[in-house]
Amino acid sequence: MPIISDTFSPSLPFKSAHFNTVYRPLFMKDTIEYKRKRITTWDADFIDLDFSLVESKTLVLLIHGLEGSSQSNYMITTSNHLNNIGFDTVCMNLRGCSGEDNSLLETYHSGKTDDVEFVIKHLNSNYNYENIIIIGFSLGGNLTLKFLGEYNNIPSEVKGGIAVSVPVDLTSSQAELNKLKNKIYLNEFLRTMKLKLLQKAEKFPDFQLDKELLFKASKFRHLEKQYTVPVFGFKSSEDYWEKASAKPFIPEIKVPTLLINALDDSFLSKECYPIKEAKSMKNFYLSTPNYGGHVGFISSFSNTENKWLEQRVSKFIHETLGIKP
């Protein structure tokens with residue numbers, strides 16, 4: 001399919017990518033009441049699922065981004081919108097992100113799709129939904145795209161996927177994040193990740209964490225060298241970036257899937273806009289609005305007008321997937 005020409009025209013301050021990126025997490029205070037269910041994984045760990053149900057035959061699985069959770073604003077607003085138009089939702093909290101440390105040393109990473117597969121199988125086996133749709137944001141979007149292209153045994157109930165603000169090429173996107181323009185974001189990611197690694201070191205004494213190097217870490221690769229690479233069995237950060245990136249798996253996606261990446265997203269490199277794939281595939285749709293920032297897509301200071309992203313999601317579900325409440 002050709003690239004979709006979506007128009008997103010925010011008011012003046014929200015045309016700033018940075019303003020749009022930070023406004024959602026800092027100033028939008030939407031709320032929701034979830035019903036939590038904890039499921040035990042195959043490796044004796046747990047994953048917390050937060051449901052918001054309206055008695056629908058369709059369930060939408062939402063996956064958050066790096067260091068996010070079901071409480072991230074984009075998860076709440078999307079869940080509320082989908083509930084309002086008649087769909088059930090369930091938010092997957094990645095390991096260690098639900099407000100409680102998970103049981104194992106291993107948590108999550110950008111390419112850990114076995115957890116997504118496990119959750120999908122659990123939902124399909126334990127509930128009677130006719131349709132399941134996956135929506136992922138940022139890192140969760142990478143997991144969504146990689147999962148849909150990587151696995152051949154996806155249940156037929158999974159009708160499609162939507163991914164928002166996704167660094168589908170980790171090698172180039174991590175280099176983009178290391179630039180001065182993204183220093184504030186990177187430092188905040190590193191701050192919370194460092195705290196979690198310190199907690200893991202206390203919990204697992206055999207985990208060899210160099211705390212001096214940890215405190216000095218200023219790039220993702222510094223944490224990957226101490227944690228992601230050795231714990232998950234990668235050869236190096238470069239090996240991790242290559243194997244965890246969703247982009248190589250996009251051509252294998254069999255169900256209709258939409259990727260929404262704003263052109264002004266400061267987290268994304270030019271390699272994160274898979275134009276060639278969108279032009280050559282029948283099941284992959286690419287939307288590249290000029291504005292939106294990173295998981296922003298806020299139009300104005302009026303809360304009632306800030307539904308462009310949510311409405312784009314429901315439009316794809318209704319018109320492309322052909323699914324009604």
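Quick look at the numbers
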| item | result |
| --- | --- |
| Restricting region 172-185 to residues that are hydroxyl-bearing (Ser, Thr, Tyr) and under 17 Å from the mean Cα position of the chain (by Cα), the residue that is nearest to residue 296 (Cα to Cα) | 185 |
| Of all residues making up region 309-324, the number that are open to solvent by 40 Å² or more (accessible area, probe 1.4 Å) and closer than 11 Å to residue 81 by Cβ | 1 |
| Near pairs, Cβ below 6 angstrom, 6+ apart or cross-chain, from region 74-85 (more than 13 Å from residue 296 (Cα to Cα)) to any residue that is crowded, with 24+ Cβ neighbours inside 10 Å | 79/89; 82/60; 82/89 |
| Qualifying residue in region 90-105 (condition: over 22 Å from residue 36 (Cα atoms) and modelled with pLDDT of 95 or more) | yes |
| Residue in region 127-148 that is aliphatic (A, V, I, L, M), in contact with a Phe, Trp or Tyr (Cβ under 6 Å, 6 or more places away or on another chain) and either open to solvent by 30 Å² or more (accessible area, probe 1.4 Å) or modelled with pLDDT of 95 or more (or both) present | no |
| Those residues of region 246-273 which are open to solvent by 70 Å² or more (accessible area, probe 1.4 Å) and in contact with a Pro (Cβ under 8 Å, 6 or more places away or on another chain), in sequence order | 263 |
| Answer from 47, 32 - the residue that is touching a residue at least 40 places away in the same chain (Cβ under 8 Å) and outside any strand (DSSP E or B) | 32 |
| Positions within region 274-299 being closer than 20 Å to residue 255 by Cβ, open to solvent by 10 Å² or more (accessible area, probe 1.4 Å) and part of a loop (DSSP other than H, G, I, E, B), in sequence order | 281, 282, 283 |
| Verdict on residue 226 being touching a Phe, Trp or Tyr at 6+ places or on another chain (Cβ under 6 Å) and either of a type outside the set (Val, Ile, Thr) or modelled with pLDDT under 95 (or both) | no |
| Residues that are open to solvent by less than 10 Å² (accessible area, probe 1.4 Å) and either of a type outside the set (S, T, N, Q) or outside any helix (DSSP H, G or I) (or both), drawn from region 69-93 | 70, 75, 76, 82, 87, 88, 89, 90, 91, 92, 93 |
| Residue match in region 46-64 (condition: within 26 Å of residue 195 (Cβ to Cβ), of a type outside the set (Lys, Arg) and open to solvent by 10 Å² or more (accessible area, probe 1.4 Å)) | yes |
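The values are calculated or read from the model by the stated rules, or taken from the named source; none is laboratory data. Remember, predicted model here, so these are calculated numbers, not experimental data. As a convention, Cβ positions derive from the backbone with ideal geometry for all residues, glycine included, and neighbour counts pool all protein chains shown. Calculation scope for accessible area: heavy atoms of the full protein, side chains included, ligands and nucleic acids excluded. Shrake-Rupley method; radii C 1.70, N 1.55, O 1.52, S 1.80 Å.
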